[in-house]
Amino acid sequence: NLRPALVFDALADASSLKHDLVAGLDLMIVRELTGGIYFGEPRGIETLPDGSRRGINTEVYSEAEIERVLRTGFELARKRQRRLCEVDKANVMESGILWREVARRTHADYPDVDLSFMYADNCAMQLVRNPKQFDVIVTSNLFGDLLSDCAAMLTGSLGMLPSASLGAADASGRRKALYEPVHGSAPDIAGKGVANPLACILSFAMMLRYSFDLAEEADLVEKAVANALASGARTADIRQPNAPSISTREMGDRVLAEIAKAV
């Protein structure tokens, strides 16, 4: 699962953090999505002999599962700033120790990428203390779930955040993928024309980049979003207090107009 946290220049003041901390922020969190404590066995709620109950969940990862997501992270880092931070709790969890072992071994195939390690609790702190120190973060399902939501709010709104869930590559190198905005379906505002469409549009840009290898076209879409924001276009979720906002359709039209200017 790829979760970018990108702060557009025009929205740096919309973040909950100071402008200087987030201006120019561009990080990617790569979250393992199908293993770990959410799916490990044994799991369940059991009744003890004294009548009390306890809940059980198990963190389980194989080397193959870890290596798969790490390679995705290394490949991404190679195309970005060439820095990868593997995040775990190796100080208290054996699964974290294995993550580090596999990361070091896999790193041998990517000597051009700088590899570092960080404990998950420290990573959460660093995301709000100095988020621009990160390029690509690779981590487990549970930690990725928490850290990606933390990083999301650095951008100012969930309405700005795209995501990609990538399957394993087949023999031809192709992979199944799902692209979607991070935010939910928001049925409470359905039909009101106030939803921010930019996360959907940016998810489309991710599809162009990662499924169709159309990097230039993806850049075009992302630049159009940046230009629309720079022109002052704002939906209700990203406007400043008491500032005007435009509708979902109007924001989409503004992005389309920027694309038309560029082609």
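The values are calculated or read from the model by the stated rules, or taken from the named source; none is laboratory data. As the structure is a computational prediction, the values presented were derived from the model and not from experiment. Using ideal geometry, Cβ is built from the backbone for each residue, glycine included, and neighbour counts are taken over all protein chains shown.
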Worksheet item: Can you name the condition, by its number, that residue 107 falls short on among (1) in contact with a helix residue (DSSP H, G or I) (Cβ under 9 Å, 6 or more places away or on another chain); (2) under 20 Å from residue 1 (Cβ atoms)?
Response: (2)
Discussion item. Please determine whether any residue of the stretch 204-215 is at pLDDT 90 or above, touching a Pro at 6+ places or on another chain (Cβ under 9 Å) and under 22 Å from residue 134 (Cβ atoms).
Written reply: yes
Discussion item. Out of the residues in the stretch 35-73 meeting the condition of being of a type in the set (S, T, N, Q) and in contact (Cβ under 8 Å) with a residue 12 or more places away in the chain, tell me which one is farthest from residue 114 (Cα to Cα).
Written reply: 57
Discussion item. In the same structural domain as residue 228 (by TED's automatic domain parsing), among the polar types (S, T, N, Q) and part of a helix (DSSP H, G or I): is that true of residue 172 in this structure?
Written reply: no
Discussion item. Which of the helices (runs of 4 or more DSSP H) found entirely inside the stretch 178-263 contain at least 2 residues meeting this: surrounded by fewer than 16 Cβ atoms within 10 Å (Cβ to Cβ)?
Written reply: 215-230, 248-262
Practice prompt. Could you grab me the full set of residues in the stretch 34-60 that are touching a helix residue (DSSP H, G or I) at 6+ places or on another chain (Cβ under 6 Å) and not aromatic (Phe, Trp, Tyr)?
Written response: 35, 36, 37, 57, 59
Worksheet entry | Number of positions in the stretch 47-64 that are within 35 Å of the chain's Cα centre (by Cα) and outside any loop (DSSP other than H, G, I, E, B) | 5
Worksheet, complete the sentence: A careful count of residues in the stretch 65-94 that are outside any loop (DSSP other than H, G, I, E, B) and either within 15 Å of the chain's Cα centre (by Cα) or surrounded by 21 or more Cβ atoms within 10 Å (Cβ to Cβ) (or both) gives 13
